[in-house]
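Comments concern the structure below.
What follows is calculated from the coordinates using simple rules that are stated; it is not laboratory data. All values derive from a computational prediction rather than experimental measurement. Reconstructed Cβ throughout: ideal geometry from the backbone, glycine too, with neighbour counts over all protein chains shown.
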Amino acid sequence: GGGVGDSSRLDTSARLRALESSLRNIPDLRDSERPKAYVPRNPYPTPGSFPQTPAPVFDFPSIFEKFDTDTLFFIFYYQQGTYQQYLAARELKKQSWRYHKKYLTWFQRHEEPKVTTDEYEQGTYVYFDYETGWCQRIKTDFTFEYGYLEDELNV
């Protein structure tokens, strides 16, 4: 029937459903990272004679082979979610740069690794410091865990 015990069973059932739902939607570690979207510091309206969209030449993969590394990094970090970002990443990979998914930056071997295992390699790397200096820096005794290596992009 409809006694007092039925109400408490319903409350328990509702609580269990809520707990299961919250467990399924538990925040991921990446949820705490701040977004890296570019927001212009001084947005300025431009006259109609100024290009409002990128030139069509930037849709051709061959043009990216001609860009220097700094230009490729700029495109990668400031054209997020675009075909141009993909082309810049592809060209960086062709130049032996590897993207680290934990540190969200690009690494390149400075020399052959001192240690290599199935899970990681350790040695001296050049990395691109996009946050504090917009420059390349050297990192010695760095352990590059292969689990953080972005390897979905084929070149």
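Quick query: amide H of HIS110 versus all other amide H atoms, modeled in the peptide plane; which residues come in under 5 Å with a sequence gap of 5 or more or a different chain? For HIS110, whose amide H was placed from the backbone, the distant partners under 5 Å are THR124, TYR125, VAL126.
Here the simple spin-label model places points 7 Å from the Cα toward Cβ, and for ILE138 and GLN85 these points are separated by 3.3 nm.
Distance between the modelled labels on HIS110 and ASP59, one decimal in nanometres: 4.2 nm (7 Å Cα→Cβ projection).
Per-residue 3J(HN,Hα) values for the stretch 69-83, derived from phi via the Karplus relation 6.51 cos²θ - 1.76 cosθ + 1.60 with θ = phi - 60°, read 4, 4, 5, 4, 5, 4, 4, 4, 7, 10, 10, 4, x, 10, 4 Hz in sequence order (x marks Gly and Pro).
Taking the Cβ-Cβ separation of GLN122 and ILE26 as r and a Förster radius of 35 Å, what is the calculated FRET efficiency to the nearest 0.05? Working shown, then result.
On the way: r = 32 Å, r/R0 = 0.92.
My answer for the efficiency is 0.60.
Across q = 0.14, 0.25, 0.28 Å⁻¹, the stretch 87-155 modelled as identical point scatterers on its alpha-carbon atoms has Debye log10 I(q)/I(0) values of -0.40, -1.25, -1.42, in the order of the q list. Listed by chain and number, the aspartates and glutamates placed with their C-alpha closer than 12 angstrom to that of LYS93 are GLU65, GLU150, ASP151, GLU152; residues fewer than eight positions away on the same chain are left out.
Measure up LYS102/LYS139; LYS66/LYS139; LYS66/LYS94 against 24 Å on the Cα-Cα distance and list the ones that go over.
On the way: LYS102/LYS139 16 Å; LYS66/LYS139 27 Å; LYS66/LYS94 12 Å.
Distance filter (> 24 Å) returns LYS66/LYS139.
Taking θ as phi - 60° and the Karplus parameters 6.51, -1.76 and 1.60, the scalar couplings of the stretch 54-59 work out to x, 5, x, 4, 6, 8 Hz in sequence order, x denoting glycine and proline. Residues whose amide H falls under 5 Å from that of THR105, counting only those 5 or more places apart or on a different chain, are HIS100, with hydrogens built in the peptide plane.
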